[in-house]
Amino acid sequence: MHAGIIFLLVIIGSILFHIFTPWYWTDIASNWKGMDDTITLTFWVGGGVFVAVCLFMIYCVFRYQHKEGRRAEYKPEDKKLEKILTWATTLGVAALLAPGLIIWNQYVNVPKNAIEVDVMAWQWGWQYRLPGKDGKLGTTQVRNIADNNPFGINPDDPFGKDDIMVESDVINLENNRPVKILLRSVDVLHNWYVPQFRAKMDAVPGTVTFYWFEPNKVGEYEVLCAEYCGVGHYAMRGGVEVQDKADYEAWLGEQETFEQLSARYEKLNVDGNKLAKK
Amino acid sequence: MSDEYDNNKSYQAQSSEVMDGSTGSVSPDIDYVRPSEVGEQELYHPHSFIEKWVFCQDAKVIGVQYFLTAVFTGVVGLILSWLMRLQLGFPELAGFMTAEHYYQFVTMHGMIMVVYFLTALFLGGFGNYLIPLMVGARDMVFPYVNMLSFWMFFVAVAVLMASFFVPGGPTGAGWTLYPPQTILEGTPGAGMGILLMLISLSLFVIGFTMGGLNYMITILQARTRGMTLMRMPLTVWGIFTATVLAMLAFPALLVSAIMMTLDKVLQTSFFMPTILKAGEVLEYGGGSPILFQHLFWFFGHPEVYIVALPAFGIVSDLISVHARKNIFGYRMMVWAIVGIGALSFFVWAHHMYVSGMNPWFGFFFATTTLIIAVPTAMKVYNWILTLWRGNIRINVVMLWCLGFIVTFVNGGITGIFLGNVSVDVPLSDTYFVIAHFHMVMGIAPLMVIMGAVYHWFPLVAGKMLDEGLGKWHFWITFLGAYSIYFPMHYLGFIGVPRRYFEMYDSPYMTSAVGMNEFISIAAFIVGAAQFILIFNIIKTLKTGKKAEQNPWKANSLEWYTSTVPPEHGNFGDRLPVVHRWPYDFSVPGAKEDYIPQTTAPSEVIHTEVEKT
């Protein structure tokens, strides 16, 4: 079979695969539809270039196959053609870059009304902390982490007292309310990633990183670790439950604050001491 | 013919030409080539078997040594990829494999293929063999250092392979070796394994620097008379620019390897912040894991082009020779290679959009990354415009070139997805990335390597590889590799993260089971098909057809040596004198459809050659 035919089938196959693929995006459940749209745009422009270049190549393979005695054209340069191609490519690239940068600008500017969530990662698990009535999270330090202070909150920080502790790998979020995810890790790199929300960012020990999104579909989602973190990486899962305002607030009311947790431990300690005395 | 053009002026050149002994004949002034300014290099000829084949100073033998060692590591990398695909496609058959094994295989596969296979093959292998031949030199300028370079590489490979056999096994930190996990418990091979990896990388960089000095200085200083920079084959331009990149980029790797070794051995904290492990605070504090990533990618991104630029150069030459047409827009091609090389130092953090670095960097690095797409696209246009109105031989070499164009454009386009910062957010750390970089810097350069092997084998071994076997080799490899990596992009859209030992039961991931099985089967077949080449080489060496000199009717100097295969010193008594670029194919008025670089203008006086 002629080589050109096989190459042509490869290109046609690629297009058909793209049209009929059963493997595609998980349904989006956040505000980042712009990312999907930019991907679609890039598919059209980039895919168009790919198909055009390959078809031109295949045309040449058919049309200019070797014949004894025939001569190729001798034309080392074509300044005009090269200029046209350079500018057309530059324009195409700029058209793709522009929406990409616009969306990135939204990504790095967190809305004022976003609720902050402290996502703490370790090998291999997650836990979460929400601000209390004061709306502010207390500062933390790795060295403070202990049984009675699982998040390492600075005991002197007044903002920390009413922080809400979620010592579970599942966090609940309120639907249609922007969330600022504050990521930290106590050991190695991790990445808190929910495919349906599209967004992600590494958790880096020694610093706090962030990103934001606005969930817009009630439901349960799986959290995956998306930055390699050792042998348990593939099993480091968590969960998100997106709820309506009423359900969310009911859930929030059931959670323990740092103060309550400290008191519980103190009581445990006291009880423990009493037992020891007896 | 030359009589017509004989005039008094032509004698001006004569005296100097006699001085360097190259020619005593009278030549017309259109043939004038500046005399050489320095005397010829003295070569150390081998006196024993060991000096000839083991500790050899001939760049061609060193090139073959590099090539064979790199291919050996490549076969190891290939076997590791089989094991990974067995686990991903058919975990029930891979019961012997633990997560530790899997991550060790992932890591070693990545590091071997990028550094010890591709880099060593292109620069150490093709660079050593082709640079002196193509620029018309007798050897590299520092043959002894060149020999040391190979043996340093050999020791680096030995140390790397030794890590398979130490307690704890090789490192399983991922080829990017991101701290802190790389040197902590919880990552396989965090003891001896990672130390050997860091030592091996350091040795590789030292060895490479010895070779790189040779490639650069040979190209700059040892070109033959008439071989101006703008008459060099693009292969040489590609290897030269890649070498400059490597000389600037590898120090960043060396530095980060040294710092990490100190963090590991002496508990310094270059990259280590305060860390809580198993309830205890470790004796680290204040270091920055992101600093390592900057250093790593300052090396790592140019590294991509260290592999790509030689491939760009070589494929340009192969396409031109086998399409019987000059490479279209030679000057644009040269400037694109140099421009891509320079730009490649300003894009590194596009690997780090979601690393936690200051997010405002994203604007800068997305812009530089997409700018690099322009010269890269120009190269693609020029390759297909070289085919246009050509006289294309559809032989095995050309098939590999066409396969390269398809896979490279495919992988280049997906690069625009990943470079465009906000599009990268959902796709980074997923299988989309795996598919992208395997297509663009795995399969595409591999296509070029294979094309180059079929193209230059007649020169190296003096025999023609079997075309029939070559076609089977190509089609299985191309169709197989394409069906591995093209569908793999879509796993990334689903959101399947990379470096997962097991997919578990997430609903959107179980939908990928069928595809993973398919990909694994394709990977087994493609891997096995590479042994067709090894069989072909053995068969050809034993019973193959003897190659005539210059079987492809190419113009560049490597085909005009005194013997085939070329002996030590390459060009016999007299170095060639160059009168033109290597792309004078199908020149109107010429008798043959090619004019070698050594042909003087007066010999082809009726042709309409453009001045080069």
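Here, each number is a calculation from the coordinates, and none is a lab measurement. Since the model is a prediction, treat every value here as computed from it, not as a measurement. In this analysis, Cβ positions are derived from the backbone assuming ideal geometry, glycine residues included, and neighbour counts consider all displayed protein chains.
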Shape metrics for region A:115-271, restricted to C-alpha atoms - Rg then Dmax, Å: 15.3, 48
Kirkwood hydrodynamic radius over Cα pairs of chain A, then Stokes diffusion coefficient at 25 °C and 0.890 mPa s, in µm²/s: 106
Shape category assigned to region B:549-612 from the gyration tensor of Cα positions, a/c cut at 1.5: prolate
Straight-distance crosslink candidates among aspartates and glutamates, where the alpha carbon sits under 13 Å from B:LYS546 and sequence neighbours closer than 8 are dropped: B:ASP466
Distant-in-sequence amide H partners of A:CYS225 (H built 1.01 Å from N, under 5 Å): A:MET236
Partner chain coverage, peptide B:262-273 - average Cβ within 10 angstrom: 1
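What average number of partner chain Cβ atoms lie no more than 10 Å from the Cβ of the residues making up A:62-71? Mind dumping the intermediate values first?
Numbers: counts 2, 5, 9, 5, 10, 2, 1, 2, 5, 11.
Other-chain Cβ atoms within 10 Å of each residue's Cβ, averaged: 5.
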All aspartates and glutamates inside 16 Å of A:LYS33 as judged from Cα atoms, apart from same-chain residues fewer than 8 positions distant: A:GLU214, B:ASP424
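Explain nothing, just the number: relative contact order of chain A, from Cα pairs under 8 Å at least 6 residues apart, as a whole percent.
18
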Shielding score for B:162-175, defined as the mean number of other chain Cβ atoms within 10 Å: 1
Under Karplus coefficients 6.51, -1.76 and 1.60, residue-wise ³J(HN,Hα) of region B:267-277 in Hz, glycine/proline x: 6, 5, 10, 4, 10, 10, x, 5, 10, 10, 10
Mean separation of Cα contacts under 8 Å, 6 or more apart, over the residue count of region B:549-612: relative contact order %: 31
Cα-based Kirkwood hydrodynamic radius, region A:62-134, one decimal, Å: 19.4
Likely footprinting exposure, B:MET333, B:MET247, fewest C-beta neighbours within 10 Å first: B:MET247, B:MET333
Principal-axis tilt of helix A:79-108 within chain A, Cα atoms, nearest 10 degrees: 10
Over chain B, relative contact order from alpha-carbon pairs under 8 Å, at least 6 apart, %: 15
Cross-link table A:LYS161/A:LYS274; A:LYS245/A:LYS267; A:LYS112/A:LYS136; A:LYS80/B:LYS611; A:LYS112/A:LYS245, entries beyond 24 Å C-alpha to C-alpha: A:LYS161/A:LYS274; A:LYS245/A:LYS267
Other-chain or far-sequence residues with amide H under 5 Å of A:VAL188's (modelled H): A:GLN123
DSSP bridge orientation in the protein assembly as shown - percent antiparallel, rounded to nearest 5: 70
For region B:148-180 and region B:553-570, distance of Cα centres in Å: 37
Choice from A:ILE84, A:ILE39, A:ILE164 with maximal GNM fluctuation in chain A (Cα, 10 Å cutoff): A:ILE84
Whole-angstrom gap from region B:40-73 to region B:255-331, using each part's C-alpha centre: 29
Phi to ³J(HN,Hα) by Karplus 6.51 cos²θ - 1.76 cosθ + 1.60 over region A:235-244, Hz, x for Gly, Pro: 9, 8, 10, x, x, 10, 10, 8, 10, 5
Degrees between helix A:33-63 axis and first principal axis of chain A (Cα, 0 to 90, nearest 10): 20
Whether chain B is rounded, prolate or oblate, judged on the alpha carbon gyration tensor where a/c under 1.5 counts as rounded: prolate
Long-range amide H partners of A:LYS180 with built H, under 5 Å: A:ILE115, A:GLU116, A:VAL117
Cβ-defined net charge surrounding B:GLU100, 14 Å radius [Lys, Arg +1; Asp, Glu -1]: -1
Least to most buried among B:ARG223, A:ARG177, A:ARG63 (fewest other Cβ within 10 Å first): A:ARG63, A:ARG177, B:ARG223
For region B:130-263, the spread of Cα positions along each principal axis, largest first, Å: 60, 23, 21
Rounded if a/c under 1.5, otherwise prolate or oblate - region B:431-491, Cα gyration tensor axes: oblate
Net charge contributed by nearby residues that have their C-beta within less than 13 Å of B:THR274 (K/R +1, D/E -1): 0
Cα Rg, Dmax (largest Cα-Cα span) when computed across region A:169-230, Å: 11.9, 35
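Give the average over all directions of the projected area of the C-alpha convex hull of region A:1-135, one decimal, in nm².
15.8
Mind pulling up the Rg/Rh value for the protein assembly as shown? Radius of gyration and Kirkwood radius, both on Cα. Don't skip to the answer; put the middle values down first.
On the way: Rg = 30.4 Å, Rh = 29.5 Å.
We get a ratio of 1.03 for the protein assembly as shown.
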J(HN,Hα) series, region A:245-262, from Karplus relation 6.51 cos²θ - 1.76 cosθ + 1.60, nearest Hz, glycine and proline x: 3, 4, 4, 4, 5, 4, 4, 4, x, 7, 7, 8, 8, 4, 4, 4, 5, 4
Span-like helix ranges in chain B, DSSP H, alpha carbon extent 27 angstrom or more, Kyte mean at least -0.5: B:59-89, B:143-162, B:192-221, B:234-265, B:289-322, B:361-387, B:396-419, B:467-494, B:513-543
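For each of A:ARG129, B:ARG225, A:ARG264, count neighbouring Cβ atoms within 10 Å of the residue's Cβ, then give the residues from fewest to most.
A:ARG264, B:ARG225, A:ARG129
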